[in-house]
Amino acid sequence: MRAKRLTAAQRRRLAQAPDCSLLGVGLAPDLYAAALQYLFDRPSPAGAHNEWYWDVDEPLFEATPLEWTHIQTVLFANAGADLAAYNDEQVGMGLTYVMNNSVSDVPFAAIDASVPIQEAMRMMHAMPELWRQCIGPRLAGLHRPIGSDAGQLGYACYMWFDVWPTFWNVRHEPSWQEALGRVLHEMLEMPWREVQVAALHGIGHRLRDLDRKDEIANTIVAFIRSIDPNDTELKNYAEAARQGMVQ
């Protein structure tokens, strides 16, 4: 069987991609394995029980900001394989812990003064893979009204760039503006509606801070032309995102 050719965009990503492996970032395999277990090897809440991270007796995972940045880098880059053993609820809860500062301090790791900017940018370079390898395929069969409940994983997907404080705290830094703009652009090009909605949600909330309004407007116009013309809800949401007016 002839190997499938890479697209031009895929070739560019490979050529520009930093090494996001355990060895490449210098992360101990045992620490990464322990982090995966801590984040994802959890029971789904049943009945009146809350998610595991609301337990006041739950011990914190011991890692420095740089280690947490590296953990996220490797996790994002290998999300398809590394999270395959966990169900959607487990993945959603673990990702919520990573992205929501009302749950943990992990979102502040990459912007800690002890973390070199190149390591934070390596994490951002890996971030689209989380949606490409894991979230998108898992939510591929979902077509729900935008903003409605879609479980733990749907929440993490839709709300990431709404509640994620990392960018907000460095929103005036050009390197972060460019990095997040690239993440959202790549997500918008993915074939899964839930990922596209998440990207539009992020664009709508961060439009002013990204400081590239015309570029984003052109991207969204092209996106609207590419989608199912009968998906009026998605088209209207994209137009709202272009104006920075999403909920």
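The values are calculated or read from the model by the stated rules, or taken from the named source; none is laboratory data. Note that the structure is predicted; figures quoted are calculated from it, not measured. Here the Cβ is made from the backbone with ideal geometry for all residues, glycine too, and neighbour counts use every protein chain on show.
Criterion applied to Ala8, Ala81, Ala77, Ala15 was being loosely packed, with under 11 Cβ neighbours inside 10 Å, at pLDDT 95 or above and under 26 Å from Glu189 (Cα atoms), and the one residue passing it is Ala81. Might you check whether a residue that is assigned to a loop (DSSP other than H, G, I, E, B), out of contact with any Gly (no Cβ under 7 Å at 6 or more places or on another chain), surrounded by fewer than 18 Cβ atoms within 10 Å (Cβ to Cβ) and modelled with pLDDT of 95 or more occurs anywhere in the range 190-210? Yes, the range 190-210 contains at least one residue that is assigned to a loop (DSSP other than H, G, I, E, B), out of contact with any Gly (no Cβ under 7 Å at 6 or more places or on another chain), surrounded by fewer than 18 Cβ atoms within 10 Å (Cβ to Cβ) and modelled with pLDDT of 95 or more.
In the range 132-154, of all residues being touching an Asp or Glu at 6+ places or on another chain (Cβ under 8 Å) and under 27 Å from Gln177 (Cβ atoms), the one that is surrounded by the most Cβ atoms within 10 Å (Cβ to Cβ) corresponds to Ile135. Only one of the listed residues (Leu66, Leu95, Leu130) is at pLDDT 95 or above, more than 18 Å from the chain's Cα centre (by Cα), aliphatic (A, V, I, L, M) and part of a helix (DSSP H, G or I). That residue is Leu66.
The single condition from (1) over 17 Å from Gln196 (Cα atoms); (2) of a type outside the set (S, T, N, Q); (3) in a loop (DSSP other than H, G, I, E, B) that Gly141 fails is (1).
Take Glu89 and decide whether it is of a type in the set (D, E, K, R), in contact with a helix residue (DSSP H, G or I) (Cβ under 8 Å, 6 or more places away or on another chain) and touching a residue at least 60 places away in the same chain (Cβ under 8 Å). Give the derivation first.
On the way: of a type in the set (D, E, K, R): yes; in contact with a helix residue (DSSP H, G or I) (Cβ under 8 Å, 6 or more places away or on another chain): yes; touching a residue at least 60 places away in the same chain (Cβ under 8 Å): yes.
Answer is yes for this residue.
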